[in-house]
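The values are calculated or read from the model by the stated rules, or taken from the named source; none is laboratory data. Just so it is clear, the model here is predicted, and its values are computed rather than measured. Because the Cβ atoms are built from the backbone with ideal geometry, glycine has one as well, and the counts that use them run over all protein chains shown.
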Amino acid sequence: MEDYSETAENTTTFRIMGDFKRFLSSHSDNPSSELTIKENTSKASDVMMRVKMKQIEAAHASSERAHVKANIELESKFEQLTAQNKVLKDKADSLQGKVNSLTTKLLDMQDEVKQMRKDKEAEISKWENSYLHLETLKQEADSRLSEEMMMVTSQNQQLSEHNLMLQSQNNILNLKCEEHYTHMDQYKRSLEASQTVLKDYQETKSKLARSEQQVNRLKQELATLQDTKTLAKTLKEEMNRLRHIEVEFKKIHEENYLLRQNNDNFALLQEKLHSVESKLARAELQCANVPSLEVENNMLTQRIEQLQNMSVTKNEHSSLQIELSSLSQKLSTAQEENLNLKAELSTLRNHNIELNSSIKAIDQKLTEKSEICASLNAQLLRLRKRAGLLAKERDSIREILQSYDAELTMTSHTTQLNKRIENEAASNKRLYHRIEELEDENKKLADEAMKNRLGIKTLESQKELNETPDSPMVSQTMNEENSVLREKIQKYEAERPTLIEKIEQLEAWIEQGKIKGDYNPENTKVIHFAMNPADLAHQKSKQDVANLKEECIRLRQKLREAADGHEVSVAEVESLKLAQEEASRAELRNQRLKEVFTKKIQEFRQACYSLTGYRIDTLNDSQFRLVSMYAESESDYLLFEMNERGEMKLLETEYSTTLTELVNLHLHHQNSIPMFLSAISVNLFSQQTLA
Amino acid sequence: MAAAKQLNKITLKGSAAIVSEFFFYGINNILYQRGVYPPEMFKQEKKYGLTILVSTDETLLTYLNDNVLPQLQGNVMLLSSVLPLFCQRQQLFLQIEWLEKGAVKRLVVVIRESETNETLERWQFEIQCESDKSENGKPATKSKETINSEIRAVIRQVTATVTFLPLLECPCSFDLLFYTDKNLEVSEKWEDSSPCLIPNSEEVKLRSFSTSVHKVDGAVSYKFSM
């Protein structure tokens, strides 16, 4: 394109140049025409021709250039087209490849289609075959069907015949059935009738039962009513009695109160009696003291008289008189006291007698009262019991009354209540009976008690009567007995401590014995286990002792034999001789063997000496000394030592130090002792022969 | 509360078990302390708050537990179910049946010289039945702790007696004597024995303990030779 643009520029420049030449030419034409027309005309034509040529040439060049340009353009276009062509060709190639692949596919598909067709055809043929087969089958089936149809028709005919038969039979049966039905109807009717009759009967029965029940109930009610009537009557009576009993109870209470008061009075009286008795005792004591006082008094009076006599004789009159007066005063006071005491005593005795009488009276009263009290107590107990029973009765009656009240309010439970009332009444009756029995018993017992008491009293009074006359005698005998008994008691009491001591001693002794292991063989025994360790140990020790004794005896025997001197038997001597001979023979053999060995060893050594030219002596510790046959002196010897592996080593000696060359050659280089030895023997031999 | 009370009541069977157990340990203690058996034949065991040495010798144990009391095993099984409190040890010693009946009045451990069979020591335990009270419905109320403390005191005293008892120089063995009711029926393994009394003996009374059913009084008598 640039080239193209350059050409365009170029063209413009050319044109400008052309225009300029044209102008020049025109300008030149005009002046020349006037001066020289002929010459000018030729010249002008030449120029003209030249210009024209030049113009043509320029045109040619421009055309050529245009041509070139066009060529160039065309070439570029051609190149573009060729590139496009190439692209298209590629596309075409690819498309052709595709076409090829598609054609191959198509062919494949065609093949497949062919195969499919073949398969289908085969299938079709198969189907056709099967169709044919089926057709044949169908035909067969048709034939069979026709046959069967025939059979069926024939069977049908038979069946229809049979049917006809059956219908006829059915008709007959139906007729019979109808007859039966009629019968059945008749029966049913009769049954219904009978059922109705039965129902009526049952109803009547139930009615009858009900009526009977009602009758019974009514009867029961009647009976209960009668019972209740009687019960009410009895209860009324009982209530009346209860009132009576309550009144009696009140009376008894009052009586009881009185009796209690009596009892208290009695206790007071008893207390009084006790105090009086104690007073009496004191008085009696004082009475007893009276005689002693009298005796004292007498004594004192005697003394006074003595003193008075003494006083007469002695000069101490005044003092004695004073004393006497005081004593006489004392005496008088004592006498007064005595008199007073006597009077007191008499009064007290009187009082005592009175009191005794009163005591007796009180006793009598007391006994009476106590009897009365006992009887009253018994009565009281009885009455209390009765009161208790009555209270129970009352309670039961109250309950019954309450039940009656309930009955009045609730008449539904009449039968139960009636029963209860009956029960209560029965229990009441029983209780009454019981009470009566108890009362009878009580009465009997009370009577008996009274009788007994009376008997006892009479007996006691008799006893008193009997005792009173004999009392002093009895008391005497009693006293004697008493004294004897007292003596005995005293004796026993004296004995007692000694006995207690003895008992203690004995107990201690028994205790000691118990600790020691004593026992009462009458009621105890001592047992132990038969196989106890002590017995076993004892047996074992016995056994051991026996064994030891046996052994001892044996040993003793032996010892004795030894002491007596053992007599040697012939057999023993012979055996000894034989043994000795054998021993000597063995020794001899040993000696001979030794001799033989030494001889043989000598021979062997001699042989070694003469054969090898060396005398070999064994020294201690596996060392060997070799002395050559040709040695100059005995001191020229070689020492070899054998180690554990059996290898020989040369030891340094004086002689071996002179053989360093040989040692180096044969032992260090060649490592052969025989060579070394033979070399030495060769050397020595040569030296001797040379010498 | 009821349960606690129940525990403190000691029945006749429980008491018999306690007494029997005491005899087992007491006899072992005597045998060890008196050197009847060599000390290496004993092992230590904790009981009653003490370490008591108990024999390991099988024959001795079988003698104590089985042979002396052949019927015991059954009883022990029964008792162990009834009285778990008192039967911590399976091997109970002494004929519990006899104890329950009150048939055994005394148990004596006799130490005799094996060779001469001479009695050297008698350890005597008097067993008194105080069971009349408890049978009349009044249960015994002694607690187990107090009983154990009493037993401990007895065993300690037995151990202490070694200080004054003469040394047993010769080989000795022991036997157990039972003082029983005359009418008590015993098996063939038992036989009558002499009381094995010691002439010229010295006696020492030991402490006693009581389970409130049984009371056991101890005493030791020994051959005294100046």
For this session: Report yes if some residue within segment A:356-375 is under 30 Å from A:LYS419 (Cβ atoms) and at pLDDT 80 or above; otherwise report no.
Result: no
Exercise. Restricting attention to segment A:529-542, does a residue exist that is charged (D, E, K, R), out of contact with any strand residue (DSSP E or B) (no Cβ under 9 Å at 6 or more places or on another chain), part of a loop (DSSP other than H, G, I, E, B) and at the interface with chain B (Cβ under 9 Å from one of its Cβ atoms)?
Worked result: no
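Residue-wise test of (1) more than 30 Å from B:GLN128 (Cβ to Cβ); (2) modelled with pLDDT of 85 or more; (3) facing chain B (nearest Cβ under 7 Å); (4) part of a helix (DSSP H, G or I).
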| position | (1), (2), (3), (4) |
| --- | --- |
| A:GLU511 | no, no, no, yes |
| A:ASN520 | no, no, no, no |
| A:ILE527 | no, no, yes, no |
| A:VAL545 | yes, yes, no, yes |
| A:LYS549 | yes, yes, no, yes |
| A:CYS552 | yes, yes, no, yes |
| A:ARG556 | yes, yes, no, yes |
For this session: Consider A:THR498 carefully, then state whether it is hydroxyl-bearing (Ser, Thr, Tyr), part of a helix (DSSP H, G or I) and at pLDDT 85 or above.
Result: yes
Exercise. All but one of (1) touching a strand residue (DSSP E or B) at 6+ places or on another chain (Cβ under 9 Å); (2) under 20 Å from B:PRO39 (Cβ atoms) hold for B:VAL162; which doesn't?
Worked result: (1)
Problem set entry | Count of segment B:28-41 residues which are away from every other protein chain (no Cβ under 11 Å) and surrounded by 19 or more Cβ atoms within 10 Å (Cβ to Cβ) | 5
Exercise. Which residue, of A:ASN620, A:ASN547, is assigned by the TED database to the domain that holds A:TYR637 and surrounded by fewer than 11 Cβ atoms within 10 Å (Cβ to Cβ)?
Worked result: A:ASN620
